[in-house]
Amino acid sequence: MIERYLYPEIEKVFSRENKIKKWIHVEYQVLKAEEEFGIVPEGLSSRLAPKLEALDINEVIKLQDEYEKESDHEVVAFLMAIETLIGEDARYLHFGLTSSDLIDTAQALILVEALNLILSELDLVINTLRVKAVENKYVPFMGRTHGVFAEPTSLGLKFLSHYSEFLRGRERLIKAIQEVSYGKISGAVGNYSFIPPEVEQKVLQELGLKPEPVSTQIVPRDRIAFLLSVYALIGEAIERISQEIRLLQRTEVGEMAEPFYSKQRGSSAMPHKRNPIRSERLMGLARLLRGYLIPAHENIALWHERDISHSSVERFILPDATEVLFYMLRLLRKNLEGLVINKDRIKENMEKYGKYYLSEPILLALVKKGIARKEAYVWVKECAIKAQTEGLDFEDVLKNHPKIKYYLDENEIEEALNHNFLKHVDGIFKRFNL
């Protein structure tokens, strides 16, 4: 992850220092449980605890790097470094374990730690969207389909739609946290050959994780693929609202704009520019986030009980994808908090092209009069097109259409055109207890 898009709190979670601390913590919990079950000598854990606590993590890393040059094995080098620093009792660390017992279990701890940070940022976005929805609940806004005027809706409903999507994202994220909260302490091929399942149960309970029901040598990677899928969906929710801001910020629309700060510059050449750069950045990062899905899914089918083709991939995609999503959520919240809503332009845009978009109430009024829908549709379409192309008032055109005025008098036309498009807004908001 490049520094430009990296926040220190999430960087710390994926730091090498934190990984080594988690490794030491897992190894100690295993040792303690093995001592309890009589697998290693009594008194080991009490002797090792202060020594492990006093370890200089930077010194561990330095020694690990040196040993790895010889061993070409990260976990072996780690164990050699620990034994060098704390003495012969350290030989009982990793007793009966395989590398993935340590790596996968510690990785689960790291992911849960990071995902709780993601959840906190997501909650802030959700709250911001809730406020925007309630504030704009009764603000009329032109709904568009295919980029073209459709019918009026509520600006609050537009925000509520995004609020609803992010709530779904939150549910999926909670599920993803549960999905990756699994570890394994089951040995080389997952058959508990040297460590009974009771040790695993004890260790993982202490760590706040669940035992993988059938682990082979690793925790199955469909769990990681699910996590990355949830990341992508949340990223796409961010992308959708960012695209909405960009579309509404266009000069000829001008109904909404992301914040533009006093010292900010929009262009190196054109001083007048106020570009939606943050929304564009978020859309670009959403593409990147989706890109992590393919390697995550390809990591599922490993050889037999495992190979390590997933390992190099995860060193990139897990920290990077998590850090990208954290950055995106924080940037989106800032964008939403500073969002500029131009209510005058919203009203102006709704009115300046005439009210031909009120065609459906007239169509339905004619249907109620007994006119076949296909026939009534043609009459109203003729009026709408005439009003649009000739710059005429839609109401006047309707009142002068020979067939429409035969079935609808002027009062009925006026009544239909005064249709309240927002009459059920409160009911929709009540679905969310808002």
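Computed from the coordinates by the stated procedures, all read-outs in this text should not be read as laboratory data. Predicted model only: the values in this text are computed from it and were never measured. For neighbour counting, all protein chains shown are included, and Cβ atoms are generated from backbone atoms with ideal geometry for every residue, glycine included.
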Where does the longest stretch of the chain lie that holds no GluC sites (Glu not before Pro) found in a DSSP loop with 12 or fewer other Cβ atoms within 10 Å? 43-251
What FRET efficiency comes out for the pair Lys334/Arg168, r = Cβ-Cβ distance, R0 = 22 Å, nearest 0.05? 0.45
Using Cα pairs under 8 angstrom and six or more residues apart, how large is the relative contact order of the chain, in percent? 15
The list (1) 140; (2) 156; (3) 202 gives values of volume of the Cα convex hull per residue in Å³, and only one came from this structure; which label was calculated from it? (3)
Tell me the label-point distance for the pair Glu36, Asn127, using the 7 Å Cα-to-Cβ offset, in nm and rounded to one decimal. 3.8
For the chain, what does the helix formula give at 222 nm: sum of -39500 (n - 2.57) over DSSP H segments with n ≥ 4, over the residue count, nearest 500 deg cm²/dmol? -21000 deg cm²/dmol
Sequence neighbours fewer than 8 away in the same chain don't count; with that in mind, list the lysines whose C-alpha is under 16 Å from Lys22. Lys12, Lys32, Lys51, Lys184
Any chance you could get the radius of gyration and Dmax over the Cα atoms of the stretch 354-419, in Å? 10.4, 30
Pairwise label distance in nanometres, Glu198 with Phe95, each label 7 Å out on the Cα-Cβ vector: 1.5
Kindly state, to the nearest 0.05, the FRET efficiency for Ala49 paired with Asp72, given R0 = 30 Å and r defined as their beta-carbon distance. 0.45
Beyond a 31 Å Cα-Cα separation, which of these cross-linked pairs lie in this structure: Lys158/Lys273; Lys21/Lys334; Lys352/Lys399; Lys175/Lys334; Lys69/Lys202; Lys263/Lys343? Lys21/Lys334; Lys69/Lys202
From phi via Karplus (6.51, -1.76, 1.60), per-residue ³J(HN,Hα) for the stretch 27-40 in Hz, x at Gly/Pro: 4, 5, 5, 5, 4, 4, 5, 5, 5, 4, 8, x, 7, 10
Give the separation of the Cα centroids, the stretch 408-430 to the stretch 81-118, in Å. 65
Using a Förster distance of 30 Å, the FRET efficiency for Glu3-Asp307 (Cβ separation, nearest 0.05): 0.35
Considering only DSSP states other than H, G, I, E and B, which chymotrypsin sites (Phe, Trp or Tyr not before Pro) in the stretch 210-293 qualify as loop sites with at most 12 other Cβ atoms within 10 Å? Tyr261
Dipole axis of the chain (+1 Lys, Arg; -1 Asp, Glu on Cβ), positive-most option in Ile404, Thr105, Gln29: Ile404
Mind checking the angle between helix 74-86 and the chain's longest principal axis? C-alpha axes, 0 to 90 degrees, to the nearest 10. 50
Distance (nanometres) between label positions extended 7 Å along Cα→Cβ at Val214 and Ile57: 3.7
